[in-house]
Amino acid sequence: MATYSELQTRVIDLINRTDCTTALAKQFIQDAQRKAQRGLRLPSLDKVMQIVVGTTTTTQYNSTSGVVIIPNDFIEMIYVYTSQGVLNRVPLTRFIELNSELATTGNPRYYTRIQNTFHLKPIPTAGTEIDIVYQGEDDVLAADTSSNTFSTVAPDLLIYGACVYAADYFNDERKTTFQAMYDGIYQDITNLVTDAESLTVDAQVQPSIQFELDIIN
């Protein structure tokens, strides 16, 4: 685990240039986090948005039209489900075709995305509980004492990712070295996540070190 301040210090030490300021180090770290989030899918960043039709605020869900407002931190959908099962995502063209095949209201079975909204079909009736499980963005590092999921489970990923951006900025010949370090750490984390998700509930092999537990939880 590393705080934002500790990440900055490490990046500045590795770059080892008098013109690599704290402000620049912060920018490089932010860039590295955005880059990591575009590819890595950490289970610890899975989030749940629960909707209760007729109760949930209209800033999240329109009960008249069956439209879910996508959260601001949304990256990727994992699944949507109700007590009746998981909803199937369909293309918009198929979603429109379903108008003639399904009742207007009832237990939702399908959804599609239109811009920053998800549309459900049939439109759920009052009291229906809908759970939306998605991969969300990590918290933004702001205060020097702050930390987030990435700085906790993979600080070295942020550090070497930041060094890649710094090398680009300063036209530093060490960019390929920093990139190789970043790629190796990225692959290690990807392997841990993949292996963890392949384990069954009664698997005999369990994570043996805290780093693995942090990654998969």
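The values are calculated or read from the model by the stated rules, or taken from the named source; none is laboratory data. All values derive from a computational prediction rather than experimental measurement. For neighbour counting, all protein chains shown are included, and Cβ atoms are generated from backbone atoms with ideal geometry for every residue, glycine included.
Only one entry of 131, 138 meets the criterion of being among the acidic types (Asp, Glu), crowded, with 18+ Cβ neighbours inside 10 Å and modelled with pLDDT of 95 or more, and that entry is 138. Quick one: which of 83, 44, 63, 100 is of a type in the set (Ser, Thr, Tyr) and closer than 30 Å to residue 6 by Cα? Going through 83, 44, 63, 100 in turn, just one is of a type in the set (Ser, Thr, Tyr) and closer than 30 Å to residue 6 by Cα: 44. Among the residues making up segment 3-39, those that are surrounded by fewer than 19 Cβ atoms within 10 Å (Cβ to Cβ) and in a loop (DSSP other than H, G, I, E, B) are 3, 16, 17, 18, 19, 21. Working carefully through the options 5, 65, find the one that is small (Gly, Ala, Ser) and closer than 22 Å to residue 115 by Cβ. Just one listed residue meets the conditions, 65. Among the residues of segment 168-194, those that are free of Cβ contacts under 8 Å to residues at least 12 places away in the same chain and not charged (D, E, K, R) comprise 171, 176, 177, 180, 184, 187, 191, 194.
Within segment 95-124, the set of residues being of a type in the set (D, E, K, R) and free of Cβ contacts under 8 Å to residues at least 12 places away in the same chain comprises 97, 101.
The selection criterion, being outside the structural domain of residue 185 (by TED's automatic domain parsing) and within 29 Å of residue 196 (Cβ to Cβ), holds for residue 78. A single member of 67, 53 is out of contact with any strand residue (DSSP E or B) (no Cβ under 6 Å at 6 or more places or on another chain), surrounded by 12 or more Cβ atoms within 10 Å (Cβ to Cβ), β-branched (Val, Ile, Thr) and modelled with pLDDT of 95 or more, and it is 53.
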